[in-house]
Amino acid sequence: MISIVSLIYRSPMYADSIYNTVHEYTNIKDGEIEFFFVANDPTDILLEHLKIKKYPYILNINEHKTEEELFKEGIGWPEYLNRVYKGWNCAIRNAKDIVVLLNSDMILSPDWLDNLLKYLTEKIIICSQLIERNHETYGVFPGAIHGEFGGNPVNFNKDKFLKTCAIVKKDVIVPGGAYMPCMFYKKITDIIGFYPEGNLHDGTSFNVIKQYGDEAFFKKAKVCGIEHVTAMDSICYHFKEGEKEDSGWN
């Protein structure tokens with residue numbers, strides 16, 4: 001069974017957006033494919049929205065640790081990523097056989113899931129090809145395709161995005177790429193473990209990062225012979241910093 005999971009924190013708008021895009025472009029079948037949220041330290045407003053919409057979700061409330069406590073555990077800046085990665089690990093633990101992790105600020109395209117699944121083996125973690133806007137602070141992720149199709153679900157240009165998908169998609173996989181959306185067999189965590197619970201500091205300061213959490217997870221996989229690849233025909237648009245910008249979260 002395939003479990004598609006998105007974290008959600010504060011934004012009803014992004015909850016609706018990721019739920020709708022998953023169900024528009026995925027053939028959800030009982031017993032074969034499921035979708036659920038991990039409501040990760042959610043606001044009361046978001047929880048009420050999930051209940052009203054009858055969206056499936058798992059509630060995950062995290063301990064808030066001090067920077068000093070995190071430093072002793074090898075975790076560095078920023079503090080809130082400790083809780084984000086705990087959310088992802090909660091998603092994996094509650095998933096079935098095949099895990100698919102999505103950010104809530106993403107829009108999918110036709111055949112996105114099938115074009116991950118057709119390449120999947122027990123020896124790879126396969127990710128979608130991102131198309132990203134040029135974010136004013138964070139730019140475009142290396143390896144992502146630049147495309148300006150809107151900064152949020154309200155002003156998203158769906159027709160223009162889908163036309164671009166048809167042009168750029170290629171029936172091939174390439175090494176490396178972005179870290180999400182990603183698909184992998186859940187049982188690989190028996191070998192490589194879960195995501196570290198945050199970014200890893202260099203041993204000298206909480207603010208000096210040696211390795212990002214997702215980078216560390218994929219590196220552990222590679223050491224164990226599990227490669228990170230991108231399916232160039234599984235296309236996903238990434239608004240970037242979606243819930244943070246929608247809710248003023250920092």
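Annotations
- FRET efficiency, ILE145 to LYS29 (Cβ-Cβ, R0 25 Å, nearest 0.05): 0.25
- Against the rule of thumb 2.2 N^0.38 Å, how large the Cα Rg of segment 45-179 comes out: 1.26
- Expressed as a whole percent, the accessible surface of the chain that belongs to carbon and sulfur atoms is 51, based on a 1.4 Å probe.
- Overall form of segment 1-113 per C-alpha gyration tensor (a/c, 1.5; a/b vs b/c): prolate
- Accessible area per residue for segment 1-111 is 44 Å², calculated with a 1.4 Å probe on protein heavy atoms, without ligands, DNA or RNA.
- Multiplying the residue separation of LYS158 and THR43 by 0.36 nm and subtracting their alpha-carbon distance yields 38.5 nm.
- ³J(HN,Hα) computed for each position of segment 216-221 - Karplus, 6.51 cos²θ - 1.76 cosθ + 1.60, integer Hz, glycine/proline x: 5, 4, 5, 5, 4, 4
- Cβ-Cβ FRET estimate between LYS118 and SER205, R0 fixed at 35 Å, reported to 0.05: 0.20
- Packing rank of 70-81, 233-244, where each peptide gets the mean count of other beta carbons within 10 Å, highest leading: 233-244, 70-81
- Burial order of peptide ranges 209-222, 135-148 (average beta-carbon count within 10 Å, highest first): 209-222, 135-148
- Overall form of segment 105-250 per C-alpha gyration tensor (a/c, 1.5; a/b vs b/c): oblate
- Tensor-based shape of segment 195-242 (alpha-carbon gyration tensor, a/c under 1.5 rounded, otherwise prolate or oblate): oblate
- Relative contact order (percent, whole number), the chain, Cα cutoff 8 Å, 6+ residue spacing: 27 percent
- Cβ-defined net charge surrounding ASN94, 11 Å radius [Lys, Arg +1; Asp, Glu -1]: +2
- Length-normalised contact order for segment 57-162 - Cα pairs under 8 Å, 6+ apart - percent: 13 percent
- A 1.4 Å probe run over segment 170-250, with the rest of the protein chains in place, finds 45 Å² accessible per residue.
The values are calculated or read from the model by the stated rules, or taken from the named source; none is laboratory data. Bear in mind that the values here come from a model prediction, so they are computed numbers and not experimental data. Note that each Cβ is placed from the backbone with ideal geometry, even for glycine, and that neighbours are counted across all protein chains shown. All accessible areas refer to the heavy atoms of the entire protein, side chains included, with ligands and DNA or RNA removed. Shrake-Rupley method; radii C 1.70, N 1.55, O 1.52, S 1.80 Å.
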